[in-house]
Structure formats: structure tokens, C-alpha cells
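Colleague: Sharing a structure here in C-alpha cells format.
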């Protein structure tokens, strides 16, 4: 692991929920991706446009203070100029070296590599096969042609679990292709199992009507949070049992690959205020709404900072988008 991914890392219970839909599952037949970015609340995402080398891409990037999460600096959700997009959720392999012990490229190099080089799903699969991996998880790919693909990626194994042009896929923080392949302690099994079931239930309910608003509503879902038998939900707010460093949803993203647009929401998408600001730092800046960021109209650089504030470049883009919407409405 490189100096950027220090050995001084932390490994909290993961909580990201991811989904994809395309073809007959969506309202217009076009592909969509969704993700909640769940991290220790002191770890944040920022929204960036990278101009190269390789293809331009728009992505959320993890910025973590010491002790860093192992995926610090990774571009974890994004879309590139070719219309290739991906999202990711953390999964720990049960019978393979993990990201601390494997020899290969780390998370932050993989995120940049796949977004800079892949034009479609076949390219992404070839990159996974070609490079030694010191990363793992559930990876959901989509491209502008309308194909979506879920790959269970280990440091020594690859399983293309689902690949389709017509349907929907939801996952959380375990592998489903075979029992026992991923680590699932009691807390993780409860949280990940509930969220996986819930996201797929909501996708099934909306089949044929899924659009970006559907996926945004899924990101806001609190089912299970107040149930003492579960205590977890897709929109995650943290739990007292997590001690001094709570873990939950620090941002969420909905991606439209065909238009190369990423809808970004900083903090909780539900709009609630923190219950414990000391254990939920930065969450007081939660937007509770999504803003569209269109790669083709964006300058390079940081557009949303780690405290949720739009940079000058971000304001310029959002302001021009508002003006275009007004013109379109009057046309």
C-alpha cells in the first residue's frame, strides 16, 4: 500500500448501498446508477472533475483523516466522457488476502484507472483481469449503451454475478453468488442483509417506472432504522453502539451515464439534522436535495468541497444549469 493509503487505517462496519437499473426496469429504458456513500462521519466525499491523463471523468472522491479508511483518495462513484460509469460498496473476502495484505494496485489507483480508461463494461472487466488487485467489493458498472453489470471483486477472485440490458440490481456489503465467500459478522450480516433486501424490494416495486427520483427516494429510505430488531437503514445516521466515531451516509449519488450527469447530495439526502453533532461531524451541512452536475459542461477541478460548500467552479456550473433550465421552461 502506498504512502497515500497509509497503514494507519481504520476498518468500521461498512454501510454503502448501491443499485442499477436499465431497459424495461426504467421509465425511459436508459441506464441509471445509485449509491449511498457511507463512511465514518469525519471521512468525507468531494466532487471533482479530472481532466486526464486518459478520459475526462466526474466523480466523488473520498478524503479521510488519520486513521484513514483503506479507500481514502479513491474515486468511488463516477462517470466518464465515454458514458461509462460505476459505483462500489465495500465487501471483505472470507478466504482471500484483504486490502491490507494483498499485493496489487490499491483502491485509489483503481478508481482513477477504470474511469480514465474504460469506454464500456468489457473494458472494465479486462482491466480487472489484467491488474493485480489490493482492493475488493461489489462493483456495479453501467455504460451509455444500456448495459449494467455487477462484479464481485476479490483480491484473487472475480465473479460476474449479473449482467443485463433489461432489469435492476441492488447490493450492499456482502457477496450473494455463494454463501461464505465474504465476511459477515453479526452486525454486518444484519445491516447488509436488511439493506440488500430493502433496496431490491423498492426496485421491484418501481419496476418499469424507475427514474432518478425513484433512486433518490431509495437513498432517503429509513425502513429498519427505528426497528429494535434491525437498527439500520439505507439512509444511515449512525448508532450509539459505534462509540465516539459514528458511521453513516456522508453523500449519495445518482448517475445517468447516457448524459454523463451525476446528481450529487452532500450529507444525508433525507434532510434531517444531526442528533449528536460531535459524533456526526459535518452532517449539519447536509443538503437534503440533489444537484445535477453535467460532465460535458464542467471545468476541471473540485466542484464541491469536503464541507459541502460549492467551490467557484461549482457555483459557475450550478448557476449556468439554473439559467438553462429557465430558458428551457420558457421555450
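Colleague: Report, by residue number, each residue of the stretch 131-149 that is in a strand (DSSP E or B) and more than 19 Å from residue 82 (Cα to Cα).
Modeller: 133, 137, 138
Colleague: Residue check: is residue 170 outside any loop (DSSP other than H, G, I, E, B), closer than 19 Å to residue 35 by Cβ and in contact with a strand residue (DSSP E or B) (Cβ under 7 Å, 6 or more places away or on another chain)?
Modeller: Here the answer is yes, as residue 170 does meet what is asked.
Colleague: Could you grab me the full set of residues in the stretch 269-284 that are out of contact with any helix residue (DSSP H, G or I) (no Cβ under 6 Å at 6 or more places or on another chain), surrounded by 15 or more Cβ atoms within 10 Å (Cβ to Cβ) and free of Cβ contacts under 8 Å to residues at least 40 places away in the same chain?
Modeller: Listed by number, the list holds a single entry, 272.
Colleague: If you scan the stretch 17-42, which residues turn out to be under 14 Å from residue 237 (Cα atoms) and surrounded by fewer than 24 Cβ atoms within 10 Å (Cβ to Cβ)?
Modeller: 40, 42
Colleague: Looking at the stretch 110-128 only, could you name the residues that are surrounded by fewer than 23 Cβ atoms within 10 Å (Cβ to Cβ) and under 15 Å from the mean Cα position of the chain (by Cα)?
Modeller: 112
Colleague: Read through the list (1) over 24 Å from residue 214 (Cα atoms); (2) buried (at least 24 other Cβ atoms within 10 Å of the Cβ); (3) in contact with a helix residue (DSSP H, G or I) (Cβ under 7 Å, 6 or more places away or on another chain), then give the number of the only condition that residue 175 fails.
Modeller: Tallying (1) over 24 Å from residue 214 (Cα atoms); (2) buried (at least 24 other Cβ atoms within 10 Å of the Cβ); (3) in contact with a helix residue (DSSP H, G or I) (Cβ under 7 Å, 6 or more places away or on another chain), residue 175 fails exactly one: (3).
Colleague: Looking for whichever is at pLDDT below 95, part of a helix (DSSP H, G or I) and under 17 Å from residue 18 (Cα atoms) here; the options are 189, 204. Which one fits?
Modeller: 189
Colleague: Could you grab me the full set of residues in the stretch 260-287 that are under 18 Å from the mean Cα position of the chain (by Cα) and more than 18 Å from residue 232 (Cα to Cα)?
Modeller: 260, 261, 262, 263, 264, 265, 266, 286, 287
Colleague: May I pose another question? Taking residue 37 as the residue in question, decide whether it is over 23 Å from residue 131 (Cβ atoms), under 14 Å from the mean Cα position of the chain (by Cα) and at pLDDT 95 or above.
Modeller: So residue 37 fits the description; yes.
Colleague: Of (1) closer than 24 Å to residue 72 by Cα; (2) out of contact with any strand residue (DSSP E or B) (no Cβ under 7 Å at 6 or more places or on another chain); (3) surrounded by fewer than 20 Cβ atoms within 10 Å (Cβ to Cβ), residue 131 satisfies all except one. Which?
Modeller: Residue 131 satisfies every listed condition except (2).
Colleague: Search the stretch 286-295 for residues being free of Cβ contacts under 8 Å to residues at least 40 places away in the same chain and either surrounded by 14 or more Cβ atoms within 10 Å (Cβ to Cβ) or out of contact with any strand residue (DSSP E or B) (no Cβ under 7 Å at 6 or more places or on another chain) (or both), and hand back the single one that is nearest to residue 261 (Cα to Cα).
Modeller: 294
Colleague: Sticking with this structure for a sec: Out of all the residues in the stretch 86-109, which are over 19 Å from residue 193 (Cα atoms) and more than 18 Å from the chain's Cα centre (by Cα)?
Modeller: Answer for the stretch 86-109, where residues must be over 19 Å from residue 193 (Cα atoms) and more than 18 Å from the chain's Cα centre (by Cα): 95, 96, 97, 98, 99, 100, 101, 102, 103, 104, 105.
Colleague: Considering only residues that are surrounded by fewer than 18 Cβ atoms within 10 Å (Cβ to Cβ) and within 13 Å of residue 15 (Cα to Cα), look in the stretch 226-241 and name the one that is modelled with the highest pLDDT.
Modeller: The selected residue is 231.
Colleague: Hey, another quick one. Quick test of your reading of the structure: residue 188 fulfils all but one of (1) closer than 21 Å to residue 32 by Cβ; (2) out of contact with any strand residue (DSSP E or B) (no Cβ under 7 Å at 6 or more places or on another chain); (3) surrounded by 17 or more Cβ atoms within 10 Å (Cβ to Cβ). Name the failing condition by number.
Modeller: Unmet condition: (1).
The values are calculated or read from the model by the stated rules, or taken from the named source; none is laboratory data. Keep in mind the model is a prediction, meaning the values are calculated, not measured. Neighbour counts are summed over all protein chains in view; Cβ atoms, including those assigned to glycine, are modelled from backbone coordinates with ideal geometry.
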